[in-house]
Amino acid sequence: MAAVVGDSAMEVVPVLAEEAAAEAAGPSCLVQLPGEVLEYILCSGSLTALDIGRVSSTCRRLREVCQSSGQVWKEQFRVRWPSLMKHYSPTDYVNWLEEYKVRQKAGLEARKIVASFSKRFFSEHVPCNGFSDIENLEGPEIFFEDELVCILNMEGRKALTWKYYAKKILYYLRQQKILNNLKAFLQQPDDYESYLEGAVYIDQYCNPLSDISLRDIQAQIHSIVELVCKTLRGINSRHPSLTFRAGESSMIMEIELQSQVLDAINYVLYDQLKFKGNRMDYYNALNLYMHQVLTRRTGIPISMSLLYLTIARQLGVPLEPVNFPSHFLLRWCQGAEGATLDIFDYIYIDAFGKGKQLTVKECEYLIGQHVTAALYGVVNVKKVLQRMVGNLLSLGKREGIDQSYQLLRDSLDLYLAMYPDQVQLLLLQARLYFHLGIWPEKSFCLVLKVLDILQHIQTLDPGQHGAVGYLVQHTLEHIERKKEEVGVEVKLRSEEKHRDVCYSIGLVMKHKRYGYNCVIYGWDPTCMMGHEWIRNMNVHSLPHGHHQPFYNVLVEDGSCRYAAQENLEYNVEPQEISHPDVGRYFSEFTGTHYIPNAELEIRYPEDLEFVYETVQNIYSAKEDTAE
């Protein structure tokens with residue numbers, strides 16, 4: 001990073017000296033050039049911020065050209081941090097030199113914190129209050145986020161540990177902001193645009209590292225609306241929807257005119273743009289994220305319905321959402337305005353089924369059961385979002401590969417933001433924290449987040465005393481174990497008890513039986529798992545049983561496994577292991593092996609030398625053979 005422009009770079013040179021220098025230089029002097037030309041030269045891109053600081057301290061003329069609010073420092077800021085320019089309006093007065101300094105300082109602070117995370121949290125998940133340093137930082141949050149993004153965009157195979165923790169911090173910062181926005185949103189009165197806005201908040205919260213904005217989603221939908229208008233013009237060139245201006249919320253009352261709009265929507269969405277319900281991969285979380293629905297042109301009933309509803313209402317058709325069991329629907333009123341209506345006065349639209357229009361009987365046939373009239377009623381924004389998050393929650397519970405249970409954690413956060421007193425979900429959240437070992441840092445807080453959740457559950461439902469008591473007991477036991485922990489366990493290959501260990505941390509291996517690729521991040525001289533695990537995994541059937549070295553490995557499918565030495569072999573064509581926790585243990589992938597970060601190397605201080613010898617013997621020999 002370029003050095004911060006110091007105060008000395010902006011020191012004022014005595015006026016007489018400036019004038020004397022200018023006169024001595026004659027008419028060909030740089031300062032005699034027009035201001036626009038000087039500005040163009042200084043903005044050419046060849047000068048650093050430090051150069052500009054030095055130039056501006058030479059004379060009054062150059063200092064005026066390099067004024068803090070001028071184009072020169074604006075260009076320095078833009079070149080250095082281009083992604084931040086979207087946050088500034090062309091009409092705003094900005095002290096660009098000051099912005100440069102603040103952004104530079106924020107970047108240094110962000111890097112300092114990222115660098116500290118590995119040492120502080122290597123042995124466990126980042127605790128609940130582990131982000132307190134971030135929350136207490138001064139300066140615009142967007143500057144810290146931008147620096148974290150810069151870290152994530154560093155060269156692919158290097159700085160893996162920095163990227164690992166930068167990603168976690170950025171994830172946290174954005175989720176906190178989105179969650180606060182969602183809570184404020186839920187306090188606002190409902191209107192039809194709220195359905196889309198709420199769905200986008202859910203999308204953003206579950207995908208905080210993606211560039212998702214309501215404005216971009218609306219722009220994509222507007223482009224679909226324009227296509228619908230083009231089709232509608234062919235049906236009825238005088239249709240009133242064609243005169244609507246962007247942002248208008250006018251509604252068309254004539255059924256025939258509404259029908260023409262729906263016909264145009266069905267043609268554009270399903271015939272022209274090929275949107276369809278995702279029957280082949282129904283239980284995929286991507287089907288619930290609006291940006292993915294628009295990109296992949298597929299979804300499930302609720303996400304397809306929200307898209308259909310938004311388009312229809314922009315064109316004056318007052319469709320309404322129906323929280324129908326097993327299959328979300330929209331309803332279209334056929335009755336006279338002001339009349340007393342029942343469920344038979346509506347046509348029900350299946351956006352998942354290419355906009356098919358259904359009667360009450362056909363709706364029941366769709367799900368194979370009779371339902372009460374209440375289930376045909378319209379629902380508000382909060383109920384729609386509850387169903388979307390409930391779907392995500394169900395998918396999160398089904399997770400098998402992702403051992404961080406990120407989707408389950410995200411959906412629990414969202415659901416409890418809307419309904420904070422759901423006892424069973426609070427209990428699930430407490431169990432999840434306990435299972436994942438996400439504990440507050442012992443030196444920073446006395447009351448654990450887990451205990452807070454459990455106390456809240458006990459207040460809401462004293463009948464959960466048994467489950468709460470169990471978790472409280474084990475949480476307190478965890479605290480006591482933490483107090484008793486002493487130092488870091490160091491494993492030396494040179495010790496006699498480790499003589500049978502053949503492989504080292506950082507080596508890319510292949511499982512002989514299951515064929516998966518993995519990287520070793522730990523080892524034990526013998527199997528250290530309990531008797532039940534040994535029995536369940538049938539370890540006794542191995543030729544060397546449990547009396548052989550076992551290795552902790554990160555597998556390419558995202559799982560972590562404990563593999564026997566006899567089941568592993570060198571991977572003759574090593575590739576990067578796409579596991580989310582690689583950066584927790586390793587700082588770089590060299591093309592043949594991983595280099596442990598400082599914390600892992602402390603625990604296995606003699607392994608790196610063995611890795612170098614192994615790589616030299618295995619892969620150099622292979623290259624010689626190939627030649």
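The values are calculated or read from the model by the stated rules, or taken from the named source; none is laboratory data. Since this is a predicted model, take the numbers as computed values, not measurements. A quick note on method: Cβ atoms are made from the backbone with ideal geometry, for glycine too, and the neighbour counts reach across all protein chains shown. When the accessible area is computed, the model is the full protein with side chains, heavy atoms only, and any ligands, DNA or RNA have been set aside. Shrake-Rupley method; radii C 1.70, N 1.55, O 1.52, S 1.80 Å.
Remarks
- Virtual paramagnetic centre 7 Å along Cα→Cβ of residue 540, amide N under 18 Å, in the stretch 495-528: 527-528
- Filtered GluC sites (Glu not before Pro), the stretch 80-124: DSSP coil and at most 13 other beta carbons within 10 Å: none
- Among 209-219, 110-120, 290-300, sorting by the average number of other beta carbon atoms lying within 10 angstrom of each residue, highest first, gives 290-300, 110-120, 209-219.
- Kirkwood hydrodynamic radius (C-alpha pairs) into Stokes-Einstein, the stretch 495-619, 20 °C and 1.002 mPa s, D in µm²/s: 145 µm²/s
- Put simply, the convex hull of the Cα atoms in the stretch 264-381 casts, on average, a shadow of 7.7 nm².
- Label-point gap, in nm, between residue 590 and residue 499 - each point 7 angstrom along Cα→Cβ: 2.8 nm
- Separation in nanometres of the label points that stand 7 Å from Cα toward Cβ, at residue 578 and residue 58: 5.2 nm
- Entries in 119/497; 163/274; 354/397 that, when Cα-Cα distance is taken, lie over 32 Å: 163/274
- Above-threshold pairs, the threshold being 20 Å between Cα atoms, out of 276/356; 101/167; 168/491; 112/168: 101/167; 168/491
- The stretch 516-626 - accessible surface per residue (Å², probe 1.4 Å): 49 Å²
- One quarter of the convex hull surface built on the alpha carbon atoms of the stretch 222-317 amounts to 6.1 nm², the projected area averaged over directions.
- Cβ-based net charge around residue 232, under 11 Å, with every Lys or Arg adding one and every Asp or Glu removing one: +1
- Calculated FRET value between residue 40 and residue 188, using beta carbons and R₀ = 41 Å, to 0.05: 0.25
- FRET efficiency, 1/(1 + (r/R0)^6) with R0 30 Å, evaluated for residue 295 and residue 141 via beta carbons: 0.60
- As a ratio to 2.2 N^0.38 Å, the alpha-carbon radius of gyration for the stretch 58-212 is 1.26.
- Rg ratio for the stretch 29-111: its Cα radius of gyration over 2.2 N^0.38 Å, N being its residue count, equals 1.12.
- Shape metrics for the stretch 274-339, restricted to C-alpha atoms - Rg then Dmax, Å: 13.4, 43
- Between the stretch 247-312 and the stretch 354-390, the alpha-carbon center distance in angstrom: 16 Å
- In Å², nearest 10: area of residue 69 left accessible to a 1.4 Å probe: 40 Å²
- Extending 7 Å from Cα along the Cβ direction at residue 556 and again at residue 176 yields two label points whose distance is 3.8 nm.
- Shape of the stretch 141-244, Cα gyration tensor, a/c cut at 1.5: oblate
- Derived scalar couplings ³J(HN,Hα) [the stretch 518-532; Karplus, 6.51 cos²θ - 1.76 cosθ + 1.60; whole Hz; x for Gly, Pro]: 7, 10, 7, 10, x, 8, 10, x, 9, 5, 9, 7, x, 4, 5
- Of the GluC sites (Glu not before Pro) found in the stretch 491-600, those that fall in a DSSP loop while having at most 14 other beta-carbon atoms within 10 Å are 495.
- For the stretch 537-627, relative contact order (Cα pairs under 8 Å, six or more residues apart, normalised by length) works out to 17 percent.
- Taking 0.36 nm per residue of sequence separation and removing the Cα-Cα distance, the residue 532/residue 152 pair yields an extension gain of 132.7 nm.
- Taking 0.36 nm per residue of sequence separation and removing the Cα-Cα distance, the residue 341/residue 101 pair yields an extension gain of 80.0 nm.
- Between residue 78 and residue 115, the FRET efficiency estimated from the beta carbon spacing at R0 = 45 angstrom works out to 0.95.
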